[in-house]
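Peer 1: One structure follows; several queries about it will come next.
What follows draws every value from the coordinates through simple rules; no lab data is involved. This one's a predicted model, so the numbers in the text were calculated from it and none came from an experiment. Every residue, glycine among them, receives a Cβ derived from its backbone with ideal geometry; neighbour counts consider all protein chains shown.
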Amino acid sequence: MVAVHSTVRGPALGGCRMWSYDDSRAAMRDALRLSRAMTHKSAVANLPLGGGKGVIVLPPGARLDARARRDALLDFAETVDRLQGSYITAEDVGTSARDMTIIAEGTRHVTGLARAQGGSGDPSPSTALGVEAAILATCERVFGDRSLAGRSVAVVGLGHVGLRVARLLARRRAKLVVTDIDRGKRAEAEKLGARWTTPEKAMTAAVDVLVPCALGGVLDHHSVPGIQAPAIAGAANNQLADEAIADLLAARGILWAPDFVANAGGIINIAVELEPSGYDPARAKERVRGIGDTLRGIYDDAAAGAMTPLTAAMELARKRLAAASA
């Protein structure tokens, strides 16, 4: 299924997520929620794109063999092609650049193809680079400087993006606490010289920065009271269980980088691929690093208006969407 939230700034761009859901209604709710977030992400990043999301629904516990996976991807390509360019797909949770190559057999409305095919490849490095920029901007606001040397950081989730974020932080000499539901990732933690712990303990660790990089909804009325980190910036989508959690974080003196700002590196990277001059890695990196400046502006607006960073980011998105509509 495909959900399109907005095309007012251009074609809706959003990943193709292959995931297990209890039923189709849960999948539709997820697609609609994620497509809305993609609209805000594109608007705040000032991209000429709307927001959409594609979902390939798997039954709980299902595993597709190579042939069934290919069939599912080609069925999805047919759905995308029917939309005639109003939605452009890319990789997401559960899919890869290789899967985009298969989808490209059924539609030209696909991005994130391998570099060898003229695309921008795996967006995970760009997402991680943008999260690093968000962490630096958030530390600058909370601690007065952006240096991570000696700062303690808890990275929750060592997937495609989370592991890359952890590596970037290790290079900046941060003291890492890491976790993942896959205990096999412990070997990666050892390579980084990081301390391994459980997801529950990582969320409440006495660290300077909490970096959520797993699935969403981790910040809620149960978890937030136990968080000790004064700064939160991570790659996970939809980190807040509901928008009221932003007020709870602010009341506790915790500075939270809105997730759709911090994790926009992937879509910024792909947007460069769609430009008439074609993909340029150097230009893409420069724009992804601009996430830090965007976040600094949001923090300034939040402080000036006595509002949360979420409210400031949403106001910025609304202004840009209104300008595009006009």
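Peer 1: With a 10 Å radius around each residue's Cβ, average the other Cβ atoms per peptide and rank 42-51, 286-295, 24-33, highest first.
Peer 2: 42-51, 286-295, 24-33
Peer 1: If neighbour count is taken as other Cβ atoms inside 10 Å, put Trp19, Trp196, Trp256 in order from fewest to most.
Peer 2: Lowest to highest Cβ neighbour count: Trp19, Trp196, Trp256.
Peer 1: Which whole-percent values make up P(r) of the stretch 80-121 when all C-alpha to C-alpha distances are grouped in 10 Å steps starting at zero?
Peer 2: Distribution as computed: 33, 56, 11 percent.
Peer 1: What's the whole-number percent of alpha carbon pairs in the chain lying beyond 35 angstrom?
Peer 2: 17 percent
Peer 1: Tell me, what is the percent relative contact order of the chain, built from C-alpha pairs under 8 Å that lie six or more residues apart? Can you show the working numbers first?
Peer 2: Values: 685 pairs, mean separation 56.2, N = 326.
Once normalised by length, the contact order is 17 percent.
Peer 1: May I pose another question? Among 157-167, 98-108, what's the highest-first ranking by average C-beta atoms within 10 angstrom per residue? Display every interim value, and only then the final one.
Peer 2: On the way: 157-167: 24.0, 98-108: 18.1.
The packing order, highest mean first, is 157-167, 98-108.
Peer 1: Helix-only estimate, please: 222 nm mean residue ellipticity of the chain, summing -39500 (n - 2.57) across DSSP H runs of length 4 or more and dividing by its residues, to the nearest 500.
Peer 2: After summing the helix terms and dividing by the residues of the chain, the value is -14000 deg cm²/dmol.
Peer 1: Can you tell me the mean projection area, over all orientations, of the convex hull of the stretch 23-91's alpha carbons? Units nm², please.
Peer 2: That works out to 5.3 nm².
Peer 1: Still on this structure, I have one more. Arrange the following residues from fewest to most other Cβ atoms within 10 Å of their Cβ: Met38, Met203.
Peer 2: Values: Met38 27, Met203 21.
Least crowded to most crowded, the residues run Met203, Met38.
Peer 1: If you don't mind, another one. Using Cβ contacts closer than 10 Å as the measure, can you line up Glu200, Glu315 from fewest to most?
Peer 2: Glu200, Glu315
Peer 1: For the stretch 173-309, treating each Cα as an identical point scatterer without solvent, what Debye log10 I(q)/I(0) comes out at q = 0.12, 0.16, 0.21 1/Å?
Peer 2: At q = 0.12, 0.16, 0.21 Å⁻¹ the computed log10 ratios are -0.58, -0.95, -1.27.
Peer 1: Any idea what the alpha-carbon Rg over 2.2 N^0.38 Å comes to for the stretch 134-219?
Peer 2: 1.00
Peer 1: Could I ask something else about it? What fraction of the DSSP beta bridges in the chain is antiparallel, stated in percent and rounded to the nearest 5?
Peer 2: Just about 10 percent of them are antiparallel.
Peer 1: Under 14 Å Cα to Cα from Lys201, which aspartates and glutamates show up? Leave out anything in the same chain fewer than 8 places away.
Peer 2: Lys201 reaches Asp180.
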